């Protein structure tokens with residue numbers, strides 16, 4: 001199975017940056033000092049987000065480096081889901097699926113004529 005490791009890495013790091021903060025006890029000075037590493041041996045690989053030299057988030061073992069990366073992405077998604085608040089009072093439904101917070105959309109966009117017509 002062909003995969004784009006760069007895209008997996010970008011999403012893992014984007015999820016991690018929202019959750020991780022620098023600490024004086026770690027070797028990193030900012031949350032931008034993050035890296036994704038894969039380690040192990042044949043049949044047993046682990047992927048982890050490293051804050052400097054300290055593992056910050058580690059996924060479950062996978063049989064291949066590819067599987068370890070996918071499991072780490074799943075781990076960061078599930079972890080992030082525990083911290084992201086659900087939209088509430090100003091929630092609007094998006095045609096085709098999804099929701100958005102009306103208060104966070106630029107006001108000048110809502111005064112522009114809609115492109116594509118009404119649904």
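Of note:
- Relative contact order for the range 5-81, counting Cα pairs under 8 Å that sit 6 or more residues apart, in percent: 27 percent
- Here the average projected area of the convex hull drawn through the C-alpha atoms of the range 5-81 stands at 4.6 nm².
Every read-out reported here was derived from the displayed coordinates using simple, explicitly stated rules and does not represent laboratory data. Note that the structure is predicted; figures quoted are calculated from it, not measured.
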